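Participant: Before anything else, here's the structure in question.
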Amino acid sequence: MSAAVFPFGALSDGTPVTAARIENDAGASLTVLNYGATIQSLRVPGRGGAFVDVVLGFDSAVEYGAGADYLGATVGRVANRIGGAKFTLGGKTYSLAKNDGENHLHGGVRGFDKRIWAIAATEDSVVCERLSPDGEEGYPGDLHTRVTFALTQGSALRITYDVYAGADTPVNLTNHAYFNLNGGGSAMEHVLQIFADRFCENDEHCLPTGRLLSVTGTPFDFREAKPVGRDIDAENEQLRRGGGYDHNFCLSGRRAAVLSSEESGIVMTVETDLPGMQLYTANFLSENPGKNGVRMARRGAVCLETQLYPNAMNCWGFPTPILRAGRHMHSETVYAFSVL
Ligand code: GLA
């Protein structure tokens, strides 16, 4: 294994950005930026030994700073949506930044994805840390966050989240990598299996209503592997609301999903100790020129965002996202790669 930390240009206001890169003995590599604790590149072996960068991203810090799609970023303090941008905790109502109509999305106007983190590389991992101060984007209490990205010799990426709360607060961290196992082009022919019997019903703003729906007999049934795009344009009110898949699946166990591409031969399995996973088929992805000469486009990637259920603060019965003062929360998600 080898590791390096190096400059990655600067944001448009001149703030310097740093990258940390680790490589395993097989030549697989991971590059993470201190801006947003962002996965900038993840190169894994494909069929015939050719390496493929399986996440969409940019070549420059300026483009990350201007981007609106959370490409590869660590998302928090609470990932996904909070209805009405408010919640009540300990008898007090907290108002959060509104950045998705009337709702709060992905931690607000300047969430964890748009912050500079402390970054360091060990031989086999990149560690990003930051203190989110009391009141940031409306959230209560200081929150110390450490995200560790470890790359194994077997080309698995393990992301662990360790969070310490100074006051009672909701927390829900995820990574917003846009996976394309061919490195670019449409991702709708990728084959996907999701181990979930139910998913969260969304309202017209992609906000969970609190109801869980059965996947049986719907385009949301991924229990048997099928191409991601096979049913995406089916006549279905839930799909219409998201312009495709943009829904939280209620995972049955630790094994969350398997994504594969016949073209590159790459198989990615997702495991997590979290109860939910957002399947987002890049329905709103901006048409930007990306790194490696790849043109990013709508439905050109699959996001598999492991998480607590969105809008949990306002939905009775969802697993609680509240971390109590003085307590520590730990979770992990593993993206493991192999070849067909
Ligand atoms: C998540 C949301 C989507 C969208 C993307 C970012 O996956 O559920 O609706 O906001 O992030 O563009």
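Participant: Counting only residues that are among the polar types (S, T, N, Q) and in a loop (DSSP other than H, G, I, E, B), which one in segment 231-261 is least open to solvent (accessible area, probe 1.4 Å)? Walk me through how you get there before you give the answer.
Facilitator: Just the residues of segment 231-261 that are among the polar types (S, T, N, Q), to begin with: 236, 238, 248, 252, 260-261.
From the residues that got through so far, the ones that are in a loop (DSSP other than H, G, I, E, B) too are 236, 252, 261.
On the way: ASN236: 33, SER252: 81, SER261: 4 Å².
Restricting to residues being among the polar types (S, T, N, Q) and in a loop (DSSP other than H, G, I, E, B), the top hit is SER261.
Participant: Identify all residues within segment 134-169 that are of a type in the set (Gly, Ala, Ser) and more than 19 Å from ALA28 (Cα to Cα); write none if there are none.
Facilitator: Our first condition is that a residue be of a type in the set (Gly, Ala, Ser); within segment 134-169, this holds for 135, 138, 141, 150, 154-156, 165-167.
Across segment 134-169, the qualifying residues are GLY135, GLY138, GLY141, ALA165, GLY166, ALA167.
Participant: Here is a further query. Take the conditions within 16 Å of the ligand (Cβ to nearest atom) and either open to solvent by 20 Å² or more (accessible area, probe 1.4 Å) or under 13 Å from the mean Cα position of the chain (by Cα) (or both) and apply them to GLY49. Does it pass? Talk me through it step by step, then tell me what you get.
Facilitator: Details: within 16 Å of the ligand (Cβ to nearest atom): no; either open to solvent by 20 Å² or more (accessible area, probe 1.4 Å) or under 13 Å from the mean Cα position of the chain (by Cα) (or both): yes.
It is false that GLY49 is within 16 Å of the ligand (Cβ to nearest atom) and either open to solvent by 20 Å² or more (accessible area, probe 1.4 Å) or under 13 Å from the mean Cα position of the chain (by Cα) (or both).
Participant: I need a count of the residues in segment 285-304 that are closer than 13 Å to PHE58 by Cα and within 13 Å of the ligand (Cβ to nearest atom). It would help to see each step written out before you state the result.
Facilitator: Within segment 285-304, the first condition is being closer than 13 Å to PHE58 by Cα, and the residues that meet it are 286-296.
Keeping just the survivors that are within 13 Å of the ligand (Cβ to nearest atom) gives 286, 288, 296.
Of the residues in segment 285-304, 3 are closer than 13 Å to PHE58 by Cα and within 13 Å of the ligand (Cβ to nearest atom).
Participant: Turning to a different aspect of this structure: Since SER264 meets every condition but one in (1) within 16 Å of the ligand (Cβ to nearest atom); (2) touching a helix residue (DSSP H, G or I) at 6+ places or on another chain (Cβ under 7 Å); (3) within 25 Å of VAL339 (Cβ to Cβ), which condition does it not meet?
Facilitator: Unmet condition: (1).
Participant: Only one residue in GLY9, GLY84, GLY48, GLY65 is modelled with pLDDT under 95, not hydroxyl-bearing (Ser, Thr, Tyr) and not in a loop (DSSP other than H, G, I, E, B). Which one?
Facilitator: GLY48
Participant: Quick one: which residue in THR160, THR169 is of a type in the set (Ser, Thr, Tyr) and closer than 19 Å to ALA312 by Cβ? Before you say what the answer is, go through the steps one by one.
Facilitator: On the way: THR160 fails: closer than 19 Å to ALA312 by Cβ.
Among THR160, THR169, only THR169 is of a type in the set (Ser, Thr, Tyr) and closer than 19 Å to ALA312 by Cβ.
Participant: Name the one entry in PRO219, PRO208 that is surrounded by 24 or more Cβ atoms within 10 Å (Cβ to Cβ) and either out of contact with any His (no Cβ under 7 Å at 6 or more places or on another chain) or more than 16 Å from ILE82 (Cβ to Cβ) (or both). Show your work before the answer.
Facilitator: Details: PRO219 fails: surrounded by 24 or more Cβ atoms within 10 Å (Cβ to Cβ).
Criteria check complete, one pass: PRO208.
Participant: Next up: Could you please let me know if GLY57 is over 23 Å from GLU287 (Cα atoms), within 16 Å of the ligand (Cβ to nearest atom), outside any strand (DSSP E or B) and open to solvent by less than 10 Å² (accessible area, probe 1.4 Å)? Can you show your working first?
Facilitator: Numbers: over 23 Å from GLU287 (Cα atoms): no; within 16 Å of the ligand (Cβ to nearest atom): yes; outside any strand (DSSP E or B): yes; open to solvent by less than 10 Å² (accessible area, probe 1.4 Å): yes.
So GLY57 does not fit the description; no.
Participant: Right, next: Identify all residues within segment 60-79 that are aliphatic (A, V, I, L, M), away from the ligand (no atom under 16 Å from the Cβ) and either within 25 Å of HIS205 (Cβ to Cβ) or open to solvent by less than 60 Å² (accessible area, probe 1.4 Å) (or both); write none if there are none. Walk me through how you get there before you give the answer.
Facilitator: Taking segment 60-79 as the starting set, the residues that turn out to be aliphatic (A, V, I, L, M) are 61-62, 66, 68, 71, 73, 75, 78-79.
From what's left, away from the ligand (no atom under 16 Å from the Cβ): 61-62.
Selection gives ALA61 alone.
Participant: Within segment 202-241, take every residue that is more than 21 Å from the chain's Cα centre (by Cα) and aliphatic (A, V, I, L, M) and give me the one that is nearest to ALA256 (Cα to Cα).
Facilitator: The extreme case among them is ALA225.
Participant: Give me the pairs: first residue in segment 255-266 and under 10 Å from HIS190 (Cα atoms), second residue of a type in the set (A, V, I, L, M) and at pLDDT below 95, beta-carbon distance under 7 Å, and six or more apart or on different chains, which are they?
Facilitator: SER260/LEU340
Participant: Now a separate question. What are the residues in segment 17-33 that are open to solvent by less than 10 Å² (accessible area, probe 1.4 Å) and either outside any strand (DSSP E or B) or more than 25 Å from GLY185 (Cβ to Cβ) (or both), if any?
Facilitator: The answer is VAL17, ALA19, ALA20, ILE22, ASN24, ALA28.
Participant: Could you tell me which numbered condition GLN307 fails, if it satisfies all but one of (1) touching a Lys or Arg at 6+ places or on another chain (Cβ under 9 Å); (2) within 14 Å of the ligand (Cβ to nearest atom)?
Facilitator: For GLN307, the exception is condition (1).
Participant: Being within 16 Å of the ligand (Cβ to nearest atom) and of a type in the set (Gly, Ala, Ser) is the filter here; which residues of segment 80-96 pass it? Before the answer, list the steps.
Facilitator: Residues of segment 80-96 that are within 16 Å of the ligand (Cβ to nearest atom), as a first pass: 80-83, 85, 96.
Matches in segment 80-96: GLY83, ALA85.
The values are calculated or read from the model by the stated rules, or taken from the named source; none is laboratory data. This is a predicted model, so every value here is computed, not measured. Glycine also receives a Cβ, built like all others from the backbone with ideal geometry; neighbour counts cover every protein chain displayed. Calculation scope for accessible area: heavy atoms of the full protein, side chains included, ligands and nucleic acids excluded. Shrake-Rupley method; radii C 1.70, N 1.55, O 1.52, S 1.80 Å.
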